[in-house]
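The structure appears right after this line, and notes come after that.
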Amino acid sequence: MSESPPLLDLVYRADLGILVGRWGYQPDPAGLPAAYEQLTASAHAANCRFWLQDIRRRTLNDPAITQWLLTEYFPDMARRLGPRLCVAYLTSPALHQAIREAPGFADVDAYEGRPFAVAFFGEEGAAVAWLHAQQRSQGLAGAPRGGS
(Lines give C-alpha, C1' and ligand atoms only; values in the text may rest on other atoms or scores of the structure.)
Protein backbone atom coordinates (compact mmCIF):
# COMPACT_ATOMS: atom_id res chain seq x y z
CA MET A 1 0.00 0.00 0.00
CA SER A 2 1.46 3.37 -0.97
CA GLU A 3 1.53 6.35 1.36
CA SER A 4 0.19 9.66 0.17
CA PRO A 5 2.86 12.31 -0.37
CA PRO A 6 3.35 14.93 2.34
CA LEU A 7 1.41 18.14 1.86
CA LEU A 8 4.62 20.17 2.00
CA ASP A 9 8.17 18.91 1.58
CA LEU A 10 10.77 21.53 2.55
CA VAL A 11 14.49 21.48 1.79
CA TYR A 12 16.98 24.27 2.36
CA ARG A 13 19.40 24.40 -0.57
CA ALA A 14 22.48 25.98 1.02
CA ASP A 15 24.28 25.86 -2.33
CA LEU A 16 21.59 28.15 -3.78
CA GLY A 17 20.62 30.05 -0.64
CA ILE A 18 16.99 29.09 -1.31
CA LEU A 19 14.33 27.34 0.76
CA VAL A 20 12.46 25.00 -1.58
CA GLY A 21 8.93 23.94 -0.72
CA ARG A 22 7.17 21.36 -2.86
CA TRP A 23 3.44 21.06 -2.30
CA GLY A 24 2.35 17.44 -2.84
CA TYR A 25 -1.35 17.96 -3.52
CA GLN A 26 -4.25 20.41 -3.35
CA PRO A 27 -4.78 20.94 0.38
CA ASP A 28 -7.96 21.31 2.32
CA PRO A 29 -7.77 24.87 3.72
CA ALA A 30 -7.99 23.37 7.23
CA GLY A 31 -4.58 21.75 6.66
CA LEU A 32 -2.83 24.95 5.66
CA PRO A 33 -2.06 26.43 9.10
CA ALA A 34 0.13 23.43 10.00
CA ALA A 35 1.89 23.62 6.63
CA TYR A 36 2.63 27.33 7.10
CA GLU A 37 3.90 26.64 10.64
CA GLN A 38 6.27 24.10 9.08
CA LEU A 39 7.35 26.67 6.46
CA THR A 40 7.92 29.28 9.18
CA ALA A 41 10.03 26.90 11.27
CA SER A 42 12.15 25.86 8.26
CA ALA A 43 12.69 29.46 7.16
CA HIS A 44 13.80 30.44 10.65
CA ALA A 45 16.06 27.40 11.04
CA ALA A 46 17.82 28.24 7.76
CA ASN A 47 17.54 32.02 8.28
CA CYS A 48 16.38 32.13 4.67
CA ARG A 49 14.18 34.77 3.07
CA PHE A 50 14.42 33.47 -0.52
CA TRP A 51 11.76 30.85 -1.17
CA LEU A 52 10.85 28.70 -4.15
CA GLN A 53 7.34 27.32 -3.65
CA ASP A 54 6.43 24.61 -6.17
CA ILE A 55 2.63 24.59 -6.31
CA ARG A 56 2.27 22.80 -9.64
CA ARG A 57 0.21 20.02 -8.00
CA ARG A 58 -2.27 22.50 -6.62
CA THR A 59 -5.33 23.33 -8.68
CA LEU A 60 -6.60 26.50 -7.03
CA ASN A 61 -5.76 29.20 -4.53
CA ASP A 62 -8.17 29.84 -1.70
CA PRO A 63 -8.97 33.60 -1.78
CA ALA A 64 -9.02 33.87 2.03
CA ILE A 65 -5.61 32.21 2.34
CA THR A 66 -4.21 34.41 -0.44
CA GLN A 67 -5.46 37.51 1.39
CA TRP A 68 -3.91 36.29 4.66
CA LEU A 69 -0.58 35.58 2.94
CA LEU A 70 -0.40 39.03 1.38
CA THR A 71 -1.64 41.08 4.33
CA GLU A 72 -0.31 39.16 7.34
CA TYR A 73 1.99 36.20 6.73
CA PHE A 74 4.45 37.60 4.17
CA PRO A 75 4.80 41.00 5.90
CA ASP A 76 5.34 39.24 9.24
CA MET A 77 7.94 36.88 7.79
CA ALA A 78 9.73 39.82 6.14
CA ARG A 79 9.95 41.56 9.54
CA ARG A 80 11.31 38.40 11.15
CA LEU A 81 13.79 37.32 8.48
CA GLY A 82 15.32 40.49 7.18
CA PRO A 83 15.03 43.32 4.76
CA ARG A 84 12.98 41.65 2.03
CA LEU A 85 11.24 38.30 1.67
CA CYS A 86 11.23 37.00 -1.91
CA VAL A 87 8.84 34.22 -2.89
CA ALA A 88 8.93 32.60 -6.33
CA TYR A 89 5.95 30.39 -7.07
CA LEU A 90 6.36 27.64 -9.64
CA THR A 91 2.89 26.99 -11.09
CA SER A 92 1.14 24.90 -13.69
CA PRO A 93 -0.13 26.83 -16.73
CA ALA A 94 -3.77 26.50 -15.63
CA LEU A 95 -3.11 27.68 -12.07
CA HIS A 96 -0.92 30.52 -13.32
CA GLN A 97 -3.76 31.73 -15.54
CA ALA A 98 -6.28 31.46 -12.69
CA ILE A 99 -4.00 33.44 -10.36
CA ARG A 100 -3.39 36.16 -12.94
CA GLU A 101 -7.14 36.48 -13.61
CA ALA A 102 -8.11 36.63 -9.92
CA PRO A 103 -9.27 39.94 -8.48
CA GLY A 104 -6.45 41.82 -6.81
CA PHE A 105 -3.62 40.06 -8.66
CA ALA A 106 -0.43 42.13 -8.56
CA ASP A 107 2.45 41.60 -10.96
CA VAL A 108 5.95 41.46 -9.47
CA ASP A 109 6.56 45.15 -10.29
CA ALA A 110 3.77 46.11 -7.86
CA TYR A 111 5.94 44.89 -4.96
CA GLU A 112 8.64 47.52 -5.52
CA GLY A 113 9.41 49.19 -2.20
CA ARG A 114 7.45 46.64 -0.17
CA PRO A 115 9.02 44.34 2.44
CA PHE A 116 8.24 41.29 0.32
CA ALA A 117 7.94 40.34 -3.34
CA VAL A 118 5.95 37.54 -4.95
CA ALA A 119 6.47 36.33 -8.52
CA PHE A 120 5.00 33.45 -10.54
CA PHE A 121 6.85 31.24 -13.01
CA GLY A 122 6.15 28.30 -15.28
CA GLU A 123 9.76 27.07 -15.30
CA GLU A 124 11.95 26.32 -12.30
CA GLY A 125 15.10 27.74 -13.92
CA ALA A 126 13.43 31.13 -14.40
CA ALA A 127 12.19 31.12 -10.79
CA VAL A 128 15.66 30.31 -9.42
CA ALA A 129 17.23 32.96 -11.68
CA TRP A 130 14.78 35.56 -10.32
CA LEU A 131 15.61 34.57 -6.74
CA HIS A 132 19.34 34.85 -7.47
CA ALA A 133 18.79 38.30 -8.99
CA GLN A 134 16.94 39.29 -5.81
CA GLN A 135 19.84 38.01 -3.70
CA ARG A 136 22.32 40.07 -5.73
CA SER A 137 20.10 43.17 -5.58
CA GLN A 138 20.16 42.86 -1.78
CA GLY A 139 23.94 42.74 -1.82
CA LEU A 140 24.38 39.13 -0.81
CA ALA A 141 27.96 38.36 -1.75
CA GLY A 142 27.49 34.59 -1.90
CA ALA A 143 24.59 34.74 -4.36
CA PRO A 144 25.21 32.48 -7.36
CA ARG A 145 25.98 34.40 -10.53
CA GLY A 146 25.31 31.86 -13.28
CA GLY A 147 22.23 29.86 -14.28
CA SER A 148 21.02 26.94 -12.23
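The values are calculated or read from the model by the stated rules, or taken from the named source; none is laboratory data. Here the structure is a predicted model, which is why all the values come from computation and not from measurement. In this analysis, Cβ positions are derived from the backbone assuming ideal geometry, glycine residues included, and neighbour counts consider all displayed protein chains.
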Going through the stretch 91-110 one residue at a time, which ones are surrounded by 12 or more Cβ atoms within 10 Å (Cβ to Cβ), part of a helix (DSSP H, G or I) and small (Gly, Ala, Ser)?
ALA98
Candidates ALA43, ALA35, filtered to the one that is surrounded by fewer than 19 Cβ atoms within 10 Å (Cβ to Cβ) and of a type in the set (A, V, I, L, M, F, W, C)
ALA35
Criterion first (part of a helix (DSSP H, G or I), in contact with a helix residue (DSSP H, G or I) (Cβ under 7 Å, 6 or more places away or on another chain) and without any contact (Cβ under 8 Å) to a residue 40 or more places away in the chain) does ILE65 satisfy it?
yes
Would you check if VAL108 is modelled with pLDDT of 95 or more, β-branched (Val, Ile, Thr) and under 16 Å from the mean Cα position of the chain (by Cα)?
no
I'd like the full set of residues that are closer than 21 Å to SER92 by Cα, modelled with pLDDT of 90 or more, in contact with a strand residue (DSSP E or B) (Cβ under 9 Å, 6 or more places away or on another chain) and not in a strand (DSSP E or B), limited to the stretch 2-35.
LEU7, GLY24, ALA35
From LEU81, LEU7, which residue is under 19 Å from VAL118 (Cα atoms) and surrounded by 12 or more Cβ atoms within 10 Å (Cβ to Cβ)?
LEU81
Those residues that are surrounded by 12 or more Cβ atoms within 10 Å (Cβ to Cβ) and in contact with a helix residue (DSSP H, G or I) (Cβ under 9 Å, 6 or more places away or on another chain), I need them from the stretch 21-32; list them, please.
GLY21, TRP23, PRO27, LEU32
From (1) out of contact with any Lys or Arg (no Cβ under 6 Å at 6 or more places or on another chain); (2) under 18 Å from VAL128 (Cβ atoms), pick out the condition that doesn't hold for ASP54.
(1)
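Of GLY82, GLY24, which residue is of a type in the set (Gly, Ala, Ser) and within 23 Å of TRP130 (Cβ to Cβ)?
Numbers: GLY24 fails: within 23 Å of TRP130 (Cβ to Cβ).
Exactly one residue qualifies, and that residue is GLY82.
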